[in-house]
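Student: Before I ask anything, let me first share the structure, which is written out below as structure tokens.
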Amino acid sequence: MVRFEFSRREDLDHIEPPSGFDLGDMEIVGNVGSVSSRGRAPDQGMMIFVALVELLDGLRRKLKPGHPYEFVGADSSFILDFREENDSIVIESEGRRIDSSPKLESLRALSRATHAFVDKELSKLPPDDAAKEDLVPSVADFDAYVTDLARRGG
């Protein structure tokens, strides 16, 4: 099963208040490989709150059979390629396969990781933060999409 992890850069903890444009990283561990934006040269960290909006909205709106979705981290060169293959989502990075798991399983894993990140980090942002204002409805829309997909049988 695929596992996603999102984190805000720890070296930003001393900056108050935090911003929705702070850098962070993504790590994806799949059934055949893994990839992370952390520790790469050049740096592939991204504006993590903004990147999550793009990832959730992109998968929900753009990934369809025969229509792959390329995610590029906000203000980064970190790229993930997603495509539907049969009833699975294939995730690749730099031409290497990371995972191939059933669609609903992959989307639920992404939802769990997003909620873990949001639960830890979102309350640290100011109430009127622009990225926060984008992320909250994006998470709700993605959750509704996953719920609807599960209701329809995956």
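Student: For the range 24-49, what are the residues that are under 12 Å from Ala74 (Cβ atoms), surrounded by fewer than 21 Cβ atoms within 10 Å (Cβ to Cβ) and in contact (Cβ under 8 Å) with a residue 40 or more places away in the chain?
Tutor: Met47
Student: Looking at the structure I just gave you, is Leu107 within 25 Å of Asp129 (Cβ to Cβ) and within 12 Å of the chain's Cα centre (by Cα)?
Tutor: no
Student: Filter the range 119-154 down to the residues that are of a type in the set (D, E, K, R) and closer than 24 Å to Asp87 by Cα and list them by number.
Tutor: Residues satisfying the conditions are Asp141, Asp143, Asp148, Arg151, Arg152.
Matching residues to (1) more than 21 Å from Ala144 (Cβ to Cβ); (2) touching an Asp or Glu at 6+ places or on another chain (Cβ under 8 Å); (3) of a type in the set (Gly, Ala, Ser):
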position: Asn31; (1), (2), (3): yes, yes, no
position: Met47; (1), (2), (3): yes, yes, no
position: Ala74; (1), (2), (3): yes, yes, yes
position: Asp81; (1), (2), (3): yes, yes, no
position: Ser88; (1), (2), (3): yes, no, yes
position: Ser93; (1), (2), (3): yes, yes, yes
position: Ala109; (1), (2), (3): no, no, yes
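Student: For the range 138-154, what are the residues that are surrounded by 13 or more Cβ atoms within 10 Å (Cβ to Cβ), of a type in the set (A, V, I, L, M, F, W, C) and at pLDDT 95 or above?
Tutor: Across the range 138-154, the qualifying residues are Val139, Phe142, Val146.
Student: Another question about this same structure. Can you confirm whether the range 47-58 contains a residue that is part of a strand (DSSP E or B) and touching a Leu at 6+ places or on another chain (Cβ under 8 Å)?
Tutor: Yes, the conditions are met somewhere in the range 47-58.
The values are calculated or read from the model by the stated rules, or taken from the named source; none is laboratory data. None of the values given here were measured: they were computed from a predicted structure. Positions of Cβ are backbone-derived with ideal geometry, glycine not excepted, and every protein chain shown enters the neighbour counts.
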